[in-house]
Amino acid sequence: MDRTIAEKILLEHTHTKEFSPGDIIRVNVDVALANDITAPLAIQAFEAGGTGRISRPDSIVFVLDHFTPNKDIASANQCRYVREFAKKHGIMNFYDAGRCGVEHALLPEEGLVLPGDFIIGADSHTCTYGALGAFSTGVGSTDLAAAIMTRQAWIKVPESMKFIFNGELQPWVGGKDLMLYLIGDIGVDGALYRVMEIEGRAISELDLSNRLTMSNMAIEAGGKAGIIAADEKTQDYVKPRAKRPFTVYRSDPDARYESIREYDCSLIEPQVAFPHSPENTRGISEVGEVWLDQVFIGSCTNGRIEDLRIAAGIMRGKTVARDLRCLILPATPRVFREAEDEGLIKIFLEAGAILGPPSCGPCLGGHLGILARGEKALATTNRNFVGRMGDPASDVYLCGPAVAAASAITGRISSPSEVMS
Amino acid sequence: MIFRGRAFLFGDDIDTDAIIPARYLTTTDPDELKKHCMEDADPGFPSQVRSGDIIVAGKNFGCGSSREHAPIAIKAAGISCVIAPSFARIFFRNSFNMGLPIFETADASKGINQGDLIEVDADSGRVTNLTTGTQFLSRPIPEFMQELIEDGGLIEHIRKRGTI
């Protein structure tokens, strides 16, 4: 056999026995996800579709995480619209109010997405679940409406690219740094239309949190999915959470790849992406002097408990730089509770950070930390496009939680080793 | 089908935050969204664009978020079609699902200037710069996606055929 993980999952979810890259196939959807920005359009499309029937409500997940807690009347009305639809159609996997977290941190935590699944989400970072060994990809609201109606999606069978990370991870380097380095190498369209399969000894050593960070940013290289084969760590994570059976797939040894790239982690230092593209990456030693107005730690990329532990380890007993706003939003209610139990919240508050509710808010310039004209922010998020976090004349730099926490202390983009020495 | 309009030029990697910034996503109303279409890339665009005009962009157009507000805003602004060497994958499928014609045309962005009059023959994929007389050929559209366009988008396609 000569199949990739992506091809095996697609074959398992389609009626076709054979296909080639470029073919368009219909695929059965295990999980269909939308949020408070994309669900309203999906519901409108569903209602325009006229059948009024939902295929398998248990496969649908709605998370009201982007403009929540409601930032204004318009967003409140969008949430109400989704809430009423979920109630009317008996959608049980509906996350609102105190159960709501940032969707791509929440779904793995809840055991709703599993190895071997075919998942679509009306949110581009749906590729996050590839870290569990699933084929998971972002789509639009109309695709989601179609999946609600038919439980199917159309997909152009992609080629796969393989990325191998070997060598020893350097201090303060995590999944975020490896992924920024990769995107800096291949560019924001380097994996366009293709599946990114990520493996190697360094990846085996990473915990699930770091792997989820890497798959999360596959879309920043244009990828259709970012898949990491499920191993023992994955199964240890998934088994206590899963409420249905799952299948672990591995690529065949002679599977075909469009290209294979290898990276030596011993040469990769903590990374920072400069405005206005995730591909504008530099090693921390090459950053120079960049003074900051805001640091944001959170999001579907780096808002998990493991990220907060790294940040708290650096900020413990120190004080956030004067005049710098350091925002920390634990990505889910559970992460918030764990951070409280472990004493991390106290460390952050004593350092002078601002704690906020689980929300996507600041990452997309939605609310809870908007940048003014000319301001510079460093964020553990995934995008630094023009105007991403506020005024079109503001600048966003991207990094992992260690660099973000160190920089919150010094007031300028800094290496964690500078603060910890 | 023939599209004819003035070219609005944009560079490489135009992202969906540039097409419609997230600060306007508290509505799904096309008439509201079009007022802010492309404003972070070209603040003059919403007031200057006319019905039938054509966006000619660089590679990876529409990268970033999955928001369908992006193709909705472009359609509502009156843009008849978008031409680029490549499109980000979610924008690509959203456009076909919603009936916004897009054409993958390798060299067009190099041979077209802002304001040139452009004609696109949707059936043959031929792009003609009527101002300079030069022509470009787009990649053929797969049969399934032609069906989506003929049916008027994915939802209408399902209504007509009972399945995707």
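The values are calculated or read from the model by the stated rules, or taken from the named source; none is laboratory data. The structure displayed is predicted, hence computed values, not measured ones. Using ideal geometry, Cβ is built from the backbone for each residue, glycine included, and neighbour counts are taken over all protein chains shown.
Would you check if there is a residue in segment A:59-72 being under 27 Å from residue A:216 (Cα atoms), without any contact (Cβ under 8 Å) to a residue 40 or more places away in the chain and within 10 Å of another protein chain (Cβ to nearest Cβ)? So far as segment A:59-72 goes, yes, one or more of its residues are under 27 Å from residue A:216 (Cα atoms), without any contact (Cβ under 8 Å) to a residue 40 or more places away in the chain and within 10 Å of another protein chain (Cβ to nearest Cβ). Among the candidates A:159, A:110, A:168, A:103, the residue that is at pLDDT 95 or above, surrounded by fewer than 20 Cβ atoms within 10 Å (Cβ to Cβ) and within 14 Å of chain B (Cβ to nearest Cβ) is uniquely A:159.
Here is a yes/no grid of residues against (1) away from every other protein chain (no Cβ under 14 Å); (2) of a type in the set (Lys, Arg); (3) in contact (Cβ under 8 Å) with a residue 12 or more places away in the chain; (4) more than 26 Å from residue A:97 (Cα to Cα):
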{"position": "A:318", "(1), (2), (3), (4)": "yes, yes, yes, yes"}
{"position": "A:329", "(1), (2), (3), (4)": "yes, no, yes, no"}
{"position": "A:334", "(1), (2), (3), (4)": "yes, yes, yes, no"}
{"position": "A:337", "(1), (2), (3), (4)": "yes, yes, no, no"}
{"position": "A:356", "(1), (2), (3), (4)": "yes, no, yes, no"}
{"position": "A:365", "(1), (2), (3), (4)": "no, no, yes, no"}
{"position": "A:369", "(1), (2), (3), (4)": "no, no, yes, no"}
{"position": "A:375", "(1), (2), (3), (4)": "yes, no, yes, yes"}
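For segment A:180-196, the criterion of being within 30 Å of residue A:53 (Cα to Cα) and more than 18 Å from the chain's Cα centre (by Cα) is satisfied by no residue at all.
Hey, could you check segment A:292-317 for residues that are at negative phi and part of a loop (DSSP other than H, G, I, E, B) and say which is surrounded by the most Cβ atoms within 10 Å (Cβ to Cβ)? Spell out the reasoning first.
Here is the first cut: in segment A:292-317, the ones at negative phi are A:292-297, A:300-316.
Now narrow it down to the ones that are part of a loop (DSSP other than H, G, I, E, B): A:292-293, A:303-304, A:316.
Values: A:292: 24, A:293: 17, A:303: 31, A:304: 28, A:316: 15.
Checked segment A:292-317; the qualifying residue surrounded by the most Cβ atoms within 10 Å (Cβ to Cβ) is A:303.
Listed here are the helices (runs of 4 or more DSSP H) enclosed by segment B:1-60 that have at least 3 residues being within 14 Å of chain A (Cβ to nearest Cβ): B:16-19, B:30-33.
Of all the helices (runs of 4 or more DSSP H) wholly in segment A:318-421, which have at least 2 residues that are closer than 11 Å to residue A:296 by Cβ? Walk me through it before giving the result.
Numbers: elements: A:333-341, A:344-351, A:401-410, A:416-420.
Of the helices (runs of 4 or more DSSP H) lying wholly inside segment A:318-421, those with at least 2 residues that are closer than 11 Å to residue A:296 by Cβ span A:401-410.
Here residue A:199 does not fit the description of being within 21 Å of residue A:400 (Cβ to Cβ), of a type in the set (D, E, K, R) and within 14 Å of chain B (Cβ to nearest Cβ).
Looking at B:138, B:65 in this structure, which one is of a type in the set (Ser, Thr, Tyr), in contact with a Leu (Cβ under 9 Å, 6 or more places away or on another chain) and either on the phi < 0 side of the Ramachandran plot or more than 14 Å from chain A (Cβ to nearest Cβ) (or both)?
Details: B:138 fails: in contact with a Leu (Cβ under 9 Å, 6 or more places away or on another chain).
Unique residue meeting the criteria: B:65.
Filtered by the rule that a residue be more than 9 Å from chain B (Cβ to nearest Cβ) and touching a Gly at 6+ places or on another chain (Cβ under 8 Å), segment A:145-156 gives no residues. Taken as a whole, the condition of being surrounded by 20 or more Cβ atoms within 10 Å (Cβ to Cβ), of a type outside the set (D, E, K, R) and in contact (Cβ under 8 Å) with a residue 40 or more places away in the chain applies to residue B:97. For residue B:157, the criteria (1) within 30 Å of residue A:51 (Cα to Cα); (2) in contact (Cβ under 8 Å) with a residue 40 or more places away in the chain hold in every case but one, which is (2).
Assess whether residue B:107 counts as being over 24 Å from residue A:360 (Cβ atoms), surrounded by fewer than 19 Cβ atoms within 10 Å (Cβ to Cβ) and within 13 Å of chain A (Cβ to nearest Cβ). Even if it seems obvious, please write down each step before you answer.
Details: over 24 Å from residue A:360 (Cβ atoms): yes; surrounded by fewer than 19 Cβ atoms within 10 Å (Cβ to Cβ): yes; within 13 Å of chain A (Cβ to nearest Cβ): no.
Judged against the criteria, residue B:107 is not a match.
If you check B:83, B:74, which single one turns out to be crowded, with 24+ Cβ neighbours inside 10 Å, more than 13 Å from chain A (Cβ to nearest Cβ) and either at positive phi or assigned to a helix (DSSP H, G or I) (or both)? First the steps, then the outcome.
Values: B:83 fails: either at positive phi or assigned to a helix (DSSP H, G or I) (or both).
Being crowded, with 24+ Cβ neighbours inside 10 Å, more than 13 Å from chain A (Cβ to nearest Cβ) and either at positive phi or assigned to a helix (DSSP H, G or I) (or both) holds for just one of B:83, B:74, which is B:74.
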